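Novice: Structure below; questions to follow.
All of the numbers you see were taken from the coordinates with simple rules; none came from a lab. Owing to the predicted nature of the structure, the values given are computational and were not obtained by experimental measurement. With ideal geometry, Cβ positions are generated from the backbone for all residues, glycine too; neighbour counts draw on all protein chains shown.
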Amino acid sequence: MSPADPAVATARFSWEEGLARMSQPAPGGVVRARQRIVTVVHRELRRRVGSTFSTRDLVRVYDEASSWYLDLASRTAPREPDSWDPAVTLDAAFAIYARRAADAGL
């Protein structure tokens, strides 16, 4: 599947929106918790897709993220539930990680 694939385009849009939301003002504790969650999501993505992957590979993992993300976020920042919003933290983490995809420049 090509980067023009609708699933890839939709995911990229969501990821970029999440990245934009990460830069919006939030209480300090939430900002720090979001950063910790992004770091932990990156570790999980390394485990799930490795260091050499395509954007489509990442989309497949994104499609399955609902089965693992909230557990990971709640364990990472148990006292900051406002930081768990997947439309912010999960999507931002995927946006940043997607820059490493083998086809990122396409």
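Novice: Considering only residues that are hydroxyl-bearing (Ser, Thr, Tyr) and part of a loop (DSSP other than H, G, I, E, B), which ones fall in the range 1-58?
Specialist: Matches in the range 1-58: SER2, SER23, SER51, THR52, SER54.
Novice: Out of the range 9-42, which residues are more than 14 Å from the chain's Cα centre (by Cα) and within 18 Å of VAL59 (Cα to Cα)?
Specialist: ALA9 - this is the single residue of the range 9-42 that is more than 14 Å from the chain's Cα centre (by Cα) and within 18 Å of VAL59 (Cα to Cα).
Novice: Show the residue pairs meeting these rules: Cβ distance below 9 Å; 6+ apart or different chains; first residue within the range 39-68 and closer than 17 Å to ALA87 by Cβ; second residue acidic (Asp, Glu) and outside any helix (DSSP H, G or I).
Specialist: Pairs that qualify, where the first residue is closer than 17 Å to ALA87 by Cβ and the partner is acidic (Asp, Glu) and outside any helix (DSSP H, G or I), are VAL59/ASP5.
Novice: For LEU45, work out the one condition from (1) more than 22 Å from PRO6 (Cα to Cα); (2) under 12 Å from the mean Cα position of the chain (by Cα) it doesn't fulfil.
Specialist: Single failed check for LEU45: (1).
Novice: While we're on this one: State the number of residues belonging to the range 80-106 that are in a helix (DSSP H, G or I), in contact with a Pro (Cβ under 8 Å, 6 or more places away or on another chain) and among the aliphatic types (A, V, I, L, M).
Specialist: Residues that pass the stated criteria total 0.
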